[in-house]
Amino acid sequence: MKTKNTWWKEGVVYQIYPRSFNDSNNDGIGDIRGIIEKLDYIKSLGVDIIWICPVYRSPNDDNGYDVSDYRNIIDEFGTMGDFDELLKGIHARGMRLLMDLVANHSSDEHHWFQEARKSKDNPYRDYYFWKRSNNGSLPTNWPSFFGGDTWEYNAATEDYYLHLFTKKQPDLNWESPKVRQEIYDIIKFWFDKGIDGFRMDVISLISKRLEFENTLSDDLGEVVEQYYANGPRIHEYLQEMNHEVLSKYDIMTVGEGPGITLENGLDYVAEDRNELNMIFHFDHMFMDNGPGGRLDPVDYDLVQFKKVFSDWDQTLKEKGWNGIFLGNHDFSRMVSRFGNDKEYHQESAKLLAMLLLTLRGTTYIYQGDEIGMTNVAFDTISDYRDVETLQLWKMAKEEGRNMDQVLTAVHRQSRDNARTPMQWSSAGNSGFSDAEPWIKVNSNYDSINVAEQEKDGGSVLSFYRSMIKYRKANKTLVYGDYKCIHPDHEQLYMFERWDEESGFMVVLNMSNEMVVVDELNNIQGRIEITNYSQSNTDNHLRPWEARLHKL
Ligand code: TEU
Ligand code: CA
């Protein structure tokens with residue numbers, strides 16, 4: 001079977017974290033009008049689709065991933081009028097808009113939960129999960145994604161509610177048909193406004209294992225796979241959602257999912273199953289989490305990294321579709337993580353752009369990566385804002401860990417690395433705002449910013465524009481077959497893409513050393529794009545050199 005060609009496969013997506021993108025009214029917080037001001041810039045990148053992280057009403061315990069009203073805009077981001085104008089502006093420029101659907105949990109300040117917690121016979125009670133204590137201890141020993149436990153006591157009903165994330169994010173009970181209907185109505189509300197799709201937050205977690213068994217593992221990754229993700233009714237729910245709402249509109253969906261693996265990935269996206277269009281799996285993103293999780297980082301290994309992309313391509317090809325990303329608002333900056341943000345900042349940022357834009361799958365570019373924004377290292381924990389970082393910090397302290405080492409791990413792993421304000425120019429606060437931003441700007445903004453790179457045809461930004469344009473003009477890079485050459489090479493990532501029309505060879509030296517690849521002498525076909533200004537056709541690849549050959 002061959003899968004069908006569509007706009008959402010060919011599209012390149014630009015992801016916006018609204019809080020950190022652009023502040024239009026100078027209160028230090030990015031907002032919707034700030035996005036509107038930058039629509040021409042976004043369009044100029046050549047992207048087709050914009051995904052905005054949550055903009056709904058929220059007490060912001062987890063920066064909007066705790067929704068208290070799914071049909072309204074949070075005041076600090078603007079009004080529904082601003083939203084409508086944003087959508088219109090995006091459509092007027094021939095682009096589309098994806099929103100973020102946070103349906104595994106709501107905020108504890110949502111009126112459903114406010115009601116549910118009042119009494120055992122409240123009509124909203126079964127919108128959430130309630131359990132009595134287990135002989136004086138918590139109902140289960142389940143760990144939260146952000147550290148700590150997953151049960152919070154509710155005095156009025158003398159029992160506990162489940163929260164896989166923070167205690168201000170109670171998990172919704174999808175067993176209840178009323179809950180499912182509420183979510184479908186919300187989806188419909190936004191589709192009827194004209195948005196073009198949803199990224200579905202932790203959608204792999206919505207069906208719970210009702211036995212609520214204690215876990216036997218200390219490894220969060222294992223716990224997620226065995227106890228939290230891919231519950232027994234997940235595919236029934238997704239098919240129902242597809243049938244009830246998704247199938248009635250020309251929209252796209254991308255399901256985010258911890259616990260989505262090579263073994264079950266197709267169950268979410270095989271085209272004949274009518275569930276989701278594509279997924280974000282985390283096999284390459286959690287590779288550097290040690291057994292102790294986020295703040296226990298280990299080095300990542302290129303052979304393993306390539307294998308993730310090759311295995312996923314092999315698994316999904318001709319049956320489903322993948323989302324390709326190397327960074328988002330939950331991880332450190334891709335150039336700091338997979339590249340070299342010091343000696344080879346420019347080269348490695350461009351190399352990663354080439355990788356992103358030559359793999360099979362829909363490409364997702366995270367704001368700031370198009371100028372090579374890097375990780376940040378604040379001197380003190382009080383400059384960090386992310387609830388996960390702060391919770392893990394508190395726990396490490398309680399455990400008596402060496403806090404200098406923990407700060408080093410925070411520098412490397414904190415989600416705040418990706419949440420510092422967008423670097424527009426070398427003006428104060430990087431041109432993001434006239435007021436002090438909600439989180440500090442990365443101090444390298446005077447050298448890494450949009451305004452500088454606009455002036456420079458050799459900048460990372462210019463490279464992104466060329467790569468996006470090239471991908472869009474060469475559909476082989478979207479749909480064509482993929483084969484990794486030298487899968488065991490520890491510095492080189494080389495792969496071929498081809499179909500009946502044309503063929504490409506992508507050659508990436510992902511190391512700080514010169515690498516010699518004899519067969520480069522034999523590649524027939526010209527180099528279309530490279531990241532060094534002195535193009536080089538011999539068999540020596542300079543550090544982080546990237547070449548795109550047309551065969
Ligand atoms: O993230 C889901 C997820 O997998 C998290 O576990 C995330 O990767 C985390 O950083 C792991 O340590 C989504 C959102 O993208 C994230 O911003 C939210 O905090 C989370 O869901 C809860 O809604
Ligand atoms: Ca603002």
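The values are calculated or read from the model by the stated rules, or taken from the named source; none is laboratory data. Predicted model only: the values in this text are computed from it and were never measured. Virtual Cβ from ideal backbone geometry, glycine too; neighbours counted across all protein chains shown.
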Cβ-Cβ under 9 Å pairs, at least 6 apart or on other chains, segment 18-40 side over 21 Å from Leu98 (Cβ atoms) and of a type in the set (Ser, Thr, Tyr), far side within 16 Å of ligand 1 (Cβ to nearest atom) and part of a loop (DSSP other than H, G, I, E, B): Ser24/Gly30
Leu276 at negative phi, aliphatic (A, V, I, L, M), within 12 Å of ligand 1 (Cβ to nearest atom) and touching a residue at least 60 places away in the same chain (Cβ under 8 Å): no
Subset tally (residues that are more than 20 Å from Lys118 (Cα to Cα) and surrounded by fewer than 22 Cβ atoms within 10 Å (Cβ to Cβ)) for segment 165-181: 4
Residue within segment 239-254 that is at pLDDT 95 or above and within 14 Å of ligand 1 (Cβ to nearest atom) present: yes
Pick from segment 338-384, criterion in contact with a Phe, Trp or Tyr (Cβ under 7 Å, 6 or more places away or on another chain) and free of Cβ contacts under 8 Å to residues at least 60 places away in the same chain, ranking: farthest from Ile42 (Cα to Cα): Ile381
Segment 507-527 residues that are without any contact (Cβ under 8 Å) to a residue 60 or more places away in the chain, paired with ones that are in a strand (DSSP E or B) and exposed (fewer than 14 other Cβ atoms within 10 Å of the Cβ) (beta carbon under 7 Å, 6 or more apart): Met514/His540; Val516/His540
Among the candidates Tyr41, Tyr70, Tyr14, Tyr65, residue that is of a type outside the set (D, E, K, R) and assigned to a helix (DSSP H, G or I): Tyr41
Residue among Asp283, Asp218 that alone is away from ligand 2 (no atom under 16 Å from the Cβ), surrounded by fewer than 21 Cβ atoms within 10 Å (Cβ to Cβ) and more than 20 Å from Lys317 (Cβ to Cβ): Asp218
Considering residues of segment 500-551 that are small (Gly, Ala, Ser) and either touching a Cys at 6+ places or on another chain (Cβ under 8 Å) or surrounded by 15 or more Cβ atoms within 10 Å (Cβ to Cβ) (or both) only, the residue farthest from Lys306 (Cα to Cα): Ser502
Count - residues of segment 47-95 that are within 16 Å of ligand 2 (Cβ to nearest atom) and either of a type in the set (Ser, Thr, Tyr) or not assigned by TED's automatic domain parsing to the domain that holds Phe463 (or both): 2
Segment 339-359, residues that are closer than 16 Å to Asp288 by Cβ and either surrounded by fewer than 21 Cβ atoms within 10 Å (Cβ to Cβ) or over 20 Å from the mean Cα position of the chain (by Cα) (or both): Asn340, Asp341
Pro487 being closer than 24 Å to Phe338 by Cα, in contact with a Lys or Arg (Cβ under 9 Å, 6 or more places away or on another chain) and in a loop (DSSP other than H, G, I, E, B): yes
Residues within segment 74-100 that are among the aliphatic types (A, V, I, L, M) and either in contact with a His (Cβ under 6 Å, 6 or more places away or on another chain) or more than 20 Å from Asp48 (Cβ to Cβ) (or both), tallied: 2
Selected residue (criterion: farthest from ligand 1 (Cβ to nearest atom)) from residues of segment 255-271 that are free of Cβ contacts under 8 Å to residues at least 60 places away in the same chain and out of contact with any helix residue (DSSP H, G or I) (no Cβ under 8 Å at 6 or more places or on another chain): Ala270
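Matching residues to (1) at positive phi; (2) loosely packed, with under 15 Cβ neighbours inside 10 Å; (3) within 16 Å of ligand 1 (Cβ to nearest atom); (4) not β-branched (Val, Ile, Thr):
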residue	(1), (2), (3), (4)
Val47	no, no, no, no
Val55	no, no, yes, no
Tyr70	no, no, yes, yes
Phe83	no, no, no, yes
Gly94	yes, yes, no, yes
Verdict on Phe113 being surrounded by 15 or more Cβ atoms within 10 Å (Cβ to Cβ), assigned to a helix (DSSP H, G or I) and within 16 Å of ligand 1 (Cβ to nearest atom): yes
Failed condition for Ser425, given (1) among the polar types (S, T, N, Q); (2) under 20 Å from the mean Cα position of the chain (by Cα); (3) more than 15 Å from ligand 1 (Cβ to nearest atom): (2)
Segment 16-46, subset away from ligand 2 (no atom under 16 Å from the Cβ) and touching a Leu at 6+ places or on another chain (Cβ under 9 Å), residue farthest from Glu85 (Cα to Cα): Leu45
